[in-house]
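A.B. asks: For reference, the structure I am asking about is given below.
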Amino acid sequence: MIPQPTLETERLVLRPLTLADAPTMARLAGAREIADTTISIPHPYSEAQAREWIVTQTGPANAAKNVVFGITLKEGGQLIGGAGMRETDPEHSQAEMGFWIGVEFWGRGYATEAARAVIKYAFGVLKLNRVYAHHMVRNPASGRVLVKIGMQREGVLRQRVRKWGVFEDVVLLAILRDEWLAAGPVSREPATGSKPGCASR
C-alpha cells in the first residue's frame, strides 16, 4: 500500500478524497473543458460516476499502485481539483503524475503549486527515481505547468490515445530525482499565473 498523507503548500491542502467530495468533483471535473483534454474523465460526469471512481481509486486493489489527492484551498477547505500518481513501479522506481483544476480556478497557479507538492512527495517520501506525465499536444497549458515543476520533454507519442473518436498526439515529459535535488528550493516554491487545463491522465 502506498502511504496516503495530507500535503500542505502555501495556499493548498492535498488530502485523501472521500465520498463527500463526489458532488463537487462531478460538477468541476464534469465541465467539458476538463473532459476534453483528459483520457479517463467522461462528459457528462455524474455524481454516481464520481462516487464509483473514488471508491475504486481508494480501494485496496488500486492503493497498491495509485495515490490520489483532492486539491483543496487551505482557506475554507473548498475542493478545486485533483492530483496524484498512478502505475507506481517499485522495480523501476517510477510513477506517472496527473492533475486537473476546475475551470473557475484556472489562472491562479494552483496546478503548479499542487504538482510541485506531488513531486516533492514522490521523491522525498516515496524515494522514486523518475516521475513522468503526459499531455495532449493541443493542451499546451498543462505542458507549461509540467515544465515549471522541472520536467523535461522526452518526446511525442503520435496518435497515442483516442478521445471522442479522434486519435490524439501526446507529449511525454519527466523529471528525475537527481534533477529535482539539483534544482534546490527554487523548484519547490509555489508559482502563480499558470492557466492549466489538465494533464492527460
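The values are calculated or read from the model by the stated rules, or taken from the named source; none is laboratory data. Bear in mind the structure is a predicted one, so any value in this text is a computation, not a measurement. A quick note on method: Cβ atoms are made from the backbone with ideal geometry, for glycine too, and the neighbour counts reach across all protein chains shown. Side chains are part of the model used for accessible areas, which takes the heavy atoms of the whole protein and leaves out ligands, DNA and RNA. Shrake-Rupley method; radii C 1.70, N 1.55, O 1.52, S 1.80 Å.
A.B. asks: Leaving ligands and nucleic acids out of the surface, order TRP180, TRP164 by accessible area at 1.4 Å, largest first.
C.D. replies: Descending accessible area places them as TRP164, TRP180.
A.B. asks: Moving to a separate point now. Taking a virtual spin label 7 Å from the Cα of TRP164 along the C-beta vector, which residues in the stretch 5-30 bring their backbone nitrogen under 14 Å of it?
C.D. replies: Correct set: 30.
A.B. asks: Within the chain, count lysine pairs with alpha carbon atoms under 28 angstrom apart where the residues are 8 or more positions apart or belong to different chains.
C.D. replies: 15
A.B. asks: Can you tell me the accessible area per residue over the chain, all protein chains present, probe 1.4 angstrom, in square angstrom?
C.D. replies: 47 Å²
A.B. asks: From the Cα gyration tensor of the stretch 1-81, with a ≥ b ≥ c the square roots of its eigenvalues, which class applies: rounded if a/c is under 1.5, or else prolate if a/b is larger than b/c, or else oblate?
C.D. replies: Oblate, since a/c reaches 1.5 and b/c is not below a/b.
A.B. asks: Using a basic spin-label model with each label point 7 Å from the Cα along Cα→Cβ, how many nm lie between GLU104 and GLU47?
C.D. replies: Output for this residue pair reads 1.6 nm.
A.B. asks: At 0.36 nm per residue, and after removing the present C-alpha to C-alpha distance, how many nm does the segment from ALA183 to ALA64 gain when stretched out fully?
C.D. replies: Contour length minus the Cα-Cα distance gives 39.9 nm.
A.B. asks: Right, here's the next one. At 222 nm, what helix-only mean residue ellipticity would the chain give, in deg cm²/dmol to the nearest 500, using -39500 (n - 2.57) for each DSSP H run of four or more?
C.D. replies: Roughly -8000 deg cm²/dmol at 222 nm, from the helical runs in the chain.
A.B. asks: Moving on to the next point. Return the inverse of the average 1/r over all pairs of distinct C-alpha atoms in the stretch 86-166, which is the Kirkwood hydrodynamic radius, in Å to one decimal.
C.D. replies: Every distinct Cα pair counted, the radius reaches 14.0 Å.
A.B. asks: In terms of modelled amide H atoms, which long-range or inter-chain residues lie less than 5 Å from the amide H of PHE99?
C.D. replies: The answer is ALA199, ARG201.
A.B. asks: Compute and list, largest first, the equivalent-ellipsoid semi-axes of the chain from the alpha carbon gyration tensor, each √(5λ) rounded to a whole angstrom.
C.D. replies: 22, 20, 18
A.B. asks: Something else: Ranking request for peptides 109-119, 131-141: highest mean number of other beta-carbon atoms within 10 Å first, then the rest in descending order.
C.D. replies: Top of the packing list down: 109-119, 131-141.
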